[in-house]
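The values are calculated or read from the model by the stated rules, or taken from the named source; none is laboratory data. In this text, all values refer to a predicted model and were calculated from it rather than measured experimentally. All accessible areas refer to the heavy atoms of the entire protein, side chains included, with ligands and DNA or RNA removed. Shrake-Rupley method; radii C 1.70, N 1.55, O 1.52, S 1.80 Å.
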Amino acid sequence: MLSAYSATQWNSAGNLEVAFQALDRGQGTTAFRQSAGILQQTDAVAAERALMVLSGQSQTTLKDVALETADALQPLLNERLHDTAQLPGDSGGLWFMFASPDGRKRADGFLATDLQSTVWAAGADRIFGNGRLGAAVFAADDRIDYQAVDDRIRGDRRGMAVYARHEGEVWYSQGFLSWARFDSDASRSIFFGEGSQLAQSRSQGNIRGMSLEMGRALNERFSLAVLANADWVDIDAYQESGSSGLELGFTGNSVSRYVLGPELRFNSGAKAGWQWNAVLGYRQVLNSVDTGMRGYYTGLPGELFTVDGMPYPDGFMHWALGMGYRSTNAYWYLRANGQHSDNTDSHALSTGVRIGF
């Protein structure tokens, strides 16, 4: 029967085997020993379901989703920097933005993940010499659901960014530093062969990001740029609450990611009135991204194991299409952008306004 199991179930079975060996040595709480006894006596059909539900893989998506939400924010902030070039002659400006990112993550043998977010952001900048310096604040609500299990995660992020853009005679450069704190509430239905019990947890952590873009115009309509991004995610230690002993706890976890790639931009070239633009690019992931987390059963806290996460892709294609209207000192826009890899598809629709002064 094990040969037909998915990667998620194999990982769950291996972690349970570690727990059963500890039970044989007399370890574990009474609740955990009772739950494990029921699980060991269940039939093949119930065992198959239990191994999927008990995997805890949805918890590891906190790392992956943190990177996904950073990916959703990065093009939105970068585009606000490009907006500053849309209003030559001003000494600074204010901007406001709303966006609705939506993502799908799929990989054979792993829990399919659906992510929906809403993002609000506002910023201000001012010209200093040949460049602009500014700051922004943002807030986001995230909703994460899974197929094949009843796990749900609801979270929110609050953060800030500082950004800059420099216009040279030929080359331009721009970038930002960002920091966000996230707070997520998760619920899981723990099934071990005899009914289900609810497991709940609250996890917190922070996301730090750095983005740098350098490019130049090829002609009046096309420009070429190189983008580099780095993201760091830190998740505080936490554990699920429940009474079966099969709930999970996790040690503090961290993950980093570095990407680099080219981007081709097209702009309609209009100086006033209606404008539109398009972007096509690729980002290569430069390091190995570990999406697994070290955890333990709350009824057996001394035995650590690894809960595997969905494999992280080696690179992403990304695109964007936008339109807007520029008046003397204001710029309104509507924009769609997306990102695609071998196991991820995501897109976002955003709208906002920039007012120069």
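How many Å² of accessible area per residue for the chain, probe 1.4 Å?
Ligands and nucleic acids excluded, the result is 44 Å² per residue.
Quick one: work out Rg over Rh on the C-alpha atoms of the chain, Rh as Kirkwood radius. Mind showing how you got there, number by number?
Details: Rg = 23.6 Å, Rh = 22.0 Å.
Expressed as Rg/Rh, it is 1.07.
Pull up all non-local amide H partners of ALA330: gap of 5 or more, or a different chain, and H-to-H distance under 5 Å with H placed in the peptide plane.
For ALA330, the qualifying residues are GLY356.
If you project the alpha carbons of the range 127-220 onto their three principal axes, what span does each projection cover, largest first, in Å?
71, 27, 15
Enter the Cα centre distance for the pair the range 136-165 and the range 182-210, rounded to the nearest angstrom.
15 Å
Connecting C-alpha atoms closer than 10 Å in a GNM of the chain, tell me which of MET52, MET310, MET323 has the biggest fluctuation.
Residue with maximal mean-square fluctuation among MET52, MET310, MET323: MET323.
Compute the relative contact order of the chain as a whole-number percentage, counting only Cα pairs closer than 8 Å that sit 6 or more residues apart in sequence.
18 percent.
Is it possible to state the helix-based mean residue ellipticity at 222 nm for the chain, with each DSSP H run of 4+ residues giving -39500 (n - 2.57), the sum divided by total residues, to the nearest 500 deg cm²/dmol? What is it?
Only helices count here, giving -6500 deg cm²/dmol.
Over the residues of the range 222-291, compute the C-alpha Rg and express it relative to 2.2 N^0.38 Å.
Details: Rg = 21.4 Å, N = 70, 2.2 N^0.38 = 11.1 Å.
After normalising by residue count via 2.2 N^0.38 Å, the value is 1.94.
Got a number for the accessible area of SER184? Probe 1.4 Å, square angstrom, nearest 10.
About 10 Å², ignoring ligands and nucleic acids.
Running a GNM on the chain with Cα contacts under 10 Å, which residue among GLY273, GLY131, GLY322 ends up with the highest mean-square fluctuation?
Among GLY273, GLY131, GLY322, the largest mean-square fluctuation in the Gaussian network model of the chain belongs to GLY273.
Normalise the Cα radius of gyration of the range 257-357 by 2.2 N^0.38 Å (N = residues in it) and let me know the number.
1.65
How large, in percent, is the carbon and sulfur part of the accessible surface of the range 218-357 at a probe radius of 1.4 Å?
That fraction is 62 percent.
Between 0 and 90 degrees, rounded to the nearest ten: what's the tilt of helix 44-53 against the longest Cα principal axis of the chain?
Between the helix axis and the principal axis of the chain, the angle is about 40 degrees.
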